[in-house]
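A quick write-up on the structure given underneath.
The values are calculated or read from the model by the stated rules, or taken from the named source; none is laboratory data. Treat the numbers as computed from the prediction; the structure is a model and nothing was measured. Here the Cβ is made from the backbone with ideal geometry for all residues, glycine too, and neighbour counts use every protein chain on show. Only protein heavy atoms, including side chains, enter the accessible area calculation; ligands, DNA and RNA are left aside. Shrake-Rupley method; radii C 1.70, N 1.55, O 1.52, S 1.80 Å.
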Amino acid sequence: MGGCKVSQVGDDTAPTSATSTLRLGAAEDDLVLGVAEVPHLDAAEGHLGLGMAEEPSERPVELTEEHVFTQMSKELSHSQWNTLSVSQEAKAKVDLLHQNLYLCWRTRERHRHFQRLPLLQLCLSRLQPLMTITMLMRVEFPIFHDQPRLPAPFGMLAYPEFPSLPLIDRLTLVPVMTAVIDFDNTDTAWKKYDSMSARELFKMSGCSQKLYKEVFEPAIQAALFAPGEQCSAAATLGMLYYYMLSHQENSDLLLCRGEVEDIIFSPWLKSLELKGLTFLGSTVPTSLAINKDTACVSGIVCGEEVHEADAFVLASGLSPLQCIIKNSPFLQSQQEFANLLHLSTIDVISIKLWYDKKITIPKAANVCSVVETEFYNASHLLPLNDEQIVSEASSHLIKCIQDFEGATVIQQMVRRSPKSTMHFLPGSYKYTLRGSTTLPNLFVAGDWIVNRHGSFSKEKAYVTGLEAANRVVDYLGDGDFAKIIAVEGDEPHIETARSINRSVNELKTQIPFSEFFLQ
């Protein structure tokens with residue numbers, strides 16, 4: 001299975017020194033973005049330099065924007081990157097009076113003098129994308145169920161075809177397994193790894209740059225919706241172990257044959273209605289009514305209406321729950337709910353496109369007539385109209401697969417989901433809710449809450465829903481408990497390694513002054 005990823009790359013570190021750089025490529029050639037002080041340019045002039053300065057002895061030549069992008073395209077064709085584009089937003093006027101921004105194309109054998117390009121300015125900020133990179137990943141995944149099962153994680157090393165990833169790079173996954181073994185999904189493990197970023201973890205574990213850039217970073221961006229330097233190492237380990245590293249078959253992706261809403265959700269909702277359940281459409285919860293005598297929730301406030309019940313399950317995303325908390329002084333006074341206001345969310349836009357002709361997609365995973373793309377960290381796209389968003393998506397698809405260039409969109413569907421996904425930033429775990437709350441009849445479900453099942457994403461949302469239903473049954477003393485299928489257990493060698501690791505960790509706690517040192 002081949003894949004094409006459209007990703008937005010943010011600033012790795014704040015541009016405060018001449019050594020601050022952001023590496024965007026991982027091949028024989030590296031694309032390096034950073035801030036540098038070069039003697040032959042005025043510090044007061046914010047300029048973009050293209051090329052490489054080994055000995056900046058010559059005055060750079062003025063170039064037009066079109067010429068520079070032409071030269072960039074020629075250079076980039078020799079690397080692992082398919083194309084590079086700078087969005088119109090990135091060309092907006094940005095104050096760069098106190099820094100020089102240089103875009104360098106570095107090769108192993110030759111260096112070029114900087115060439116100065118005025119007026120082309122890029123947004124240099126941690127919170128906004130510097131530029132949009134479109135990359136065609138050169139990897140083919142087999143159907144792992146059809147392959148002889150190898151001990152984890154060797155199936156992931158042996159079976160996928162990475163033409164540009166040598167065996168020596170793949171073997172640097174083995175040291176990463178030390179952290180995977182240590183991370184056993186306990187509260188202690190989450191607290192230990194949540195304070196560092198995913199990129200820091202892989203760097204400390206000795207992961208090669210190519211393995212990180214070509215395998216792990218795209219996986220992190222696809223599953224956690226942000227680059228590795230902005231993702232908790234704990235969340236990353238939980239995601240990778242569930243989807244990739246615990247058992248080789250976990251990497252197989254199963255897709256619904258048809259629309260999920262038509263095939264799964266609509267029939268399911270109809271069956272629930274036949275059992276007496278009532279759905280209130282277009283109803284937005286705004287607050288909770290609290291009985292202060294019993295310290296229980298007495299109702300959910302939806303504008304002018306209050307819906308009373310004996311027990312309540314908040315199965316919303318993080319952002320709607322934050323709005324409810326802001327409208328409820330009582331919830332704000334409870335630390336576990338006030339903590340949720342520290343958490344961040346990510347804007348998502350999903351686009352479905354129907355074309356007037358069949359598109360030839362290399363290494364296609366399935367046969368379909370619809371192309372679906374998603375933009376994460378999409379706050380800069382939310383104000384655009386549908387046609388502008390479709391144009392943006394189409395431009396990226398063309399750069400990934402040339403066959404899109406002659407195709408015409410005949411139908412489109414754009415779905416904006418502002419603040420719809422939790423941003424698993426380092427340090428976020430301590431603010432996250434569990435399934436039970438201090439309010440006896442209020443329970444929470446969702447893929448962003450804390451539980452110990454071991455699943456992730458949609459599977460975790462489903463499991464936490466079942467867990468919440470079981471808590472309601474237990475609270476009311478009425479009803480049947482739902483059966484929750486456990487994830488497949490650790491393979492014997494992983495289980496043994498984790499047992500030894502736990503014993504070693506217990507011995508460490510018995511060493512005198514063990515708590516004195518920073519953990």
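Looking only at the stretch 215-240, count how many residues are in a helix (DSSP H, G or I) and touching an Asp or Glu at 6+ places or on another chain (Cβ under 8 Å). Talk me through it step by step, then tell me what you get.
Here is the first cut: in the stretch 215-240, the residues in a helix (DSSP H, G or I) are 215-224, 228-230, 233-240.
If we keep only those that are touching an Asp or Glu at 6+ places or on another chain (Cβ under 8 Å) as well, we get 228-229, 233-235.
The number of residues fulfilling the criteria is 5.
Only a single criterion out of (1) touching a residue at least 12 places away in the same chain (Cβ under 8 Å); (2) open to solvent by 20 Å² or more (accessible area, probe 1.4 Å); (3) within 20 Å of the chain's Cα centre (by Cα) is not satisfied by Tyr462, namely (1).
Quick check: is even one residue across the stretch 445-457 part of a helix (DSSP H, G or I), under 30 Å from Glu392 (Cβ atoms) and out of contact with any strand residue (DSSP E or B) (no Cβ under 9 Å at 6 or more places or on another chain)? Looking through the stretch 445-457, at least one residue is part of a helix (DSSP H, G or I), under 30 Å from Glu392 (Cβ atoms) and out of contact with any strand residue (DSSP E or B) (no Cβ under 9 Å at 6 or more places or on another chain).
Residue by residue through the stretch 425-444, note down the ones that are part of a loop (DSSP other than H, G, I, E, B), open to solvent by less than 10 Å² (accessible area, probe 1.4 Å) and within 21 Å of Ala309 (Cα to Cα). Within the stretch 425-444, Gly435, Leu439, Asn441 meet the criteria. In the stretch 208-236, the residue that is nearest to the chain's Cα centre (by Cα) out of those that are open to solvent by 10 Å² or more (accessible area, probe 1.4 Å) and within 22 Å of Leu343 (Cα to Cα) is Phe225. Evaluating Thr172 against the criteria (1) β-branched (Val, Ile, Thr); (2) out of contact with any Leu (no Cβ under 6 Å at 6 or more places or on another chain); (3) over 18 Å from Lys458 (Cβ atoms) leaves one unmet condition, (2).
Say whether the condition of being assigned to a helix (DSSP H, G or I), hydrophobic (A, V, I, L, M, F, W, C) and surrounded by fewer than 18 Cβ atoms within 10 Å (Cβ to Cβ) is met by at least one residue in the stretch 394-416. Explain how you work it out, then say what you get.
Here is the first cut: in the stretch 394-416, the ones assigned to a helix (DSSP H, G or I) are 394-400, 402-406.
Filter once more, so that each one left must be hydrophobic (A, V, I, L, M, F, W, C): 397-398, 400, 404.
Next cut, surrounded by fewer than 18 Cβ atoms within 10 Å (Cβ to Cβ) only: 398.
Yes; the residues of the stretch 394-416 include at least one that is assigned to a helix (DSSP H, G or I), hydrophobic (A, V, I, L, M, F, W, C) and surrounded by fewer than 18 Cβ atoms within 10 Å (Cβ to Cβ).
Select, from Tyr159, Tyr193, the only residue that is aromatic (Phe, Trp, Tyr) and open to solvent by 40 Å² or more (accessible area, probe 1.4 Å).
Values: Tyr193 fails: open to solvent by 40 Å² or more (accessible area, probe 1.4 Å).
Answer to the selection: Tyr159.
Among the residues of the stretch 465-512, the one identified as free of Cβ contacts under 8 Å to residues at least 40 places away in the same chain, β-branched (Val, Ile, Thr), outside any helix (DSSP H, G or I) and open to solvent by less than 70 Å² (accessible area, probe 1.4 Å) is Ile484. If you go through the stretch 374-389 one residue at a time, do you hit one that is assigned to a strand (DSSP E or B), open to solvent by less than 20 Å² (accessible area, probe 1.4 Å) and touching a residue at least 40 places away in the same chain (Cβ under 8 Å)? Yes; the residues of the stretch 374-389 include at least one that is assigned to a strand (DSSP E or B), open to solvent by less than 20 Å² (accessible area, probe 1.4 Å) and touching a residue at least 40 places away in the same chain (Cβ under 8 Å).
The lone criterion from (1) at pLDDT 90 or above; (2) out of contact with any Leu (no Cβ under 8 Å at 6 or more places or on another chain); (3) at negative phi left unmet by Gly427 is number (3).
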